[in-house]
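Scroll down for the structure; my scribbles are underneath it.
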Amino acid sequence: MRPLFKLIGTLYLAVVLSVQQGDDVDVDSYVQSETPIAKAGVLANIGPDGALSSGAAPGVVIASPSTTNPDYLFTWTRDSSLVFKALIDQYVSGQDTSLLGHIENFITAESIIQQVSNPSGTLTTGGLGEPKFNIDETAFTGPWGRPQRDGPALRATALITFANFLLSQNNESFVTQTLWPIIQNDLNYVQDNWNQTTFDLWEEIDSSSFFTTAVQHRSLREGATLATTLGQTSLASGYTTQAENVLCFLQSFWNPSGSYITANTGGGRTGIDANTVLASIHTFDVNAGCDATTFQPCSDKALANHLVYVDSFRGIYDINADLGPAAGVATGRYPEDIYQVGNPWYLATFANAEQLYAALHTWTTVGSIEVTSISQAFFQQFIPSITPGTYPSSSSTFTSLTSAIRSYADEFIAINAQNTPSGGGLSEQYSKADGTPVSANDLTWSYASALTAFQARGGVFSNSWGAQGLTVPSSCVPPSTSENPTVAVTFQVDATTVFGQNIYLVGSVDALQNWDTNTAMLMSVENYPIWILTVNVPASSSIQYKYIIKDGSGDVTWEADPNNVLDTPANGALATHDTFRN
Ligand code: NOJ
Ligand code: NOJ
């Protein structure tokens, strides 16, 4: 081509490209330019030296420097833990070893905050459920939606990630002396309180919440594994017992007729909510395949949910109006949201992409895509005629689906990119009418959500947490509800046995098998002769129980009379210290 034509051709192309910008933002270049901005945005909001966080104690993460409409110059345990999880992942993967000082500061800050008496209580009376603190680590005492029981779980997950790394480096002393006591506080709180109601992550609804339950489950599983590694077997057993109960309860959020995950058990809304997509990305396990038990990103339930959630925003935001019916769009917390008039959130829109990148990673790892009747509608967005079946990676269907889904994921990044102001700052929301930034500026969580979505796009994911192969227990302990409140009781009995004998627990309520010795519950022995088992039993009740010995052939020896009696409180948790009466 002659130079002049070439120049004209290039100009023409440039014009066409810029005209098309609306639906053709260059995602690669956005990721490239926004990554350092997001990283710097996170670090600017961490005390003591962050550029936007003066007054914050070392390791304290401010939610945003905004002090009016809204005032976010506080530290939320949820935001801080999610942010530090992202930083700890970068550290342990060797991507950024300069983060160590921040991580150490964070550990110190959280160890201090855990001890601060606050309107939710003290360390041992519920204070860990307090959602936010002043940035000098004192209690925030104003009215607020409290408690919020996702915070301790998310903090445990962040710290466990760091602990596992240190153990892999043979640095056990820092783990046992410094980290484990902090982690244990959080895990004990989760173990004892998961079945109490909680304000949801949006701080509005007091009921049970899918996000909270999902992250609690995760923390108990990885906590049990860490406890076992550290030789804390009786703690591990308690965490596992409750993890099983939580996993059971988690299933109840699935709404089969609506084909989505109901975010909250209360609140009087549809329950279609970013809560569920966030849960899916923050409990992603690279080794768990497309398991629906834990709602993995590529599970049929999580994909069906993604469809329903995203679709609920197509018609309600002007900025989505010109995008096609199957395009990635801007999404917010939940369609009924009116906070700041109800707009798209960067972190919610990034999460849509991140779930799909995680799904793509797993499909590639397992070598196939399974379409079920539950996920069929999700896949029909890309291949309208697709039918349930397993499509191996050698098939053209697999290739078409993965390429279409990757483009779809990129479109969520693209709409955030289009609505990122020059300079790259990420606020909490952008206007549903015209895309201009709304609400808190420089939201730390927005930046962290960009970083994790970009990592996922590049195929970089966190370490596995133990979701692989989990199954739902056959009998579920009912969660505590206002109609059916329960408390967690850790039964402990000192019982000397001979080889072949085991101790079982049985008692006067359903949760204790109504005195049926055939279904009595096997206790664990970690610290012989102490046998231990945690069970959720009715609150505010007088309960009778006994320990029994079963020998190798199943013959039962009852504990001598009278029955043990336990009067349970209205909420909380307790432990018994019994001695087997021969
Ligand atoms: C402030 C909370 O942070 C936000 O999540 C909530 O929507 C509003 N208060 C209204 O309750
Ligand atoms: C309001 C959000 O709803 C809540 O999830 C968050 O923790 C706080 N803002 C602080 O960012």
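What the table below lists for this structure:
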read-out	value
Asp96 paired with Ser553, simple spin-label distance in nm, labels 7 Å along Cα-to-beta-carbon	6.7 nm
Largest to smallest accessible area among Phe580, Phe378 [probe 1.4 Å]	Phe580, Phe378
Cα-centred dipole magnitude for the chain, charges only on beta-carbon of K, R (+1) and D, E (-1), debye, nearest 20	760 debye
Added length on full extension, which subtracts the Cα-Cα distance from 0.36 nm per residue, Thr122 to Ser407	97.7 nm
Solvent-accessible area, 1.4 Å probe, carbon plus sulfur percent, for the chain	53 percent
Where labels lie 7 Å past Cα in the beta-carbon direction, separation of Thr471 and Thr228 in nm	1.7 nm
Counted charge near Asn255, where neighbours are those whose Cβ lies closer than 13 Å (Asp, Glu -1; Lys, Arg +1)	+1
In Hz, Karplus ³J(HN,Hα) per residue of the stretch 565-582 (6.51, -1.76, 1.60; θ = phi - 60°; x = Gly, Pro)	10, 9, 9, 7, x, 6, 7, x, 8, 8, 10, 9, 10, 9, 10, 4, 9, 6
Set of lysines with alpha-carbon distance to Lys432 below 24 Å, sequence-local pairs under 8 removed	none
Per-pair calculated FRET efficiency, R0 = 25 Å: Asn484 and Leu574 via Cβ, rounded to 0.05	0.85
Rounded tilt (10° steps) of 396-418 against the dominant C-alpha axis of the chain	80 degrees
Solvent-accessible heavy-atom area per residue, rounded to whole Å², over the stretch 486-579 at 1.4 Å	46 Å²
Partner lysines for Lys301 [C-alpha distance under 27 Å; skip if fewer than 8 residues away on the same chain]	Lys85
FRET efficiency estimate (nearest 0.05) - Cβ-Cβ, Ser111 to Val460, R0 51 angstrom	0.95
Computed [θ] at 222 nm, deg cm²/dmol, the chain (DSSP H ≥ 4; -39,500 (n - 2.57); rounded to nearest 500)	-12500 deg cm²/dmol
Radius 13 Å from Cβ of Arg457, net charge of other residues (Lys, Arg +1; Asp, Glu -1)	-4
Residue-span extension gain [Ser400 to Ser54] - 0.36 nm each, minus C-alpha spacing	119.5 nm
Label-to-label distance, nm, for residues given as Ser173 and Asn563 (7 Å Cα→Cβ offset)	5.3 nm
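The values are calculated or read from the model by the stated rules, or taken from the named source; none is laboratory data. All values derive from a computational prediction rather than experimental measurement. Neighbour counts run over all protein chains shown; Cβ positions are idealised from the backbone, glycine included. Heads up: the accessible areas ignore ligands, DNA and RNA and are worked out on the full protein's heavy atoms, side chains in. Shrake-Rupley method; radii C 1.70, N 1.55, O 1.52, S 1.80 Å.
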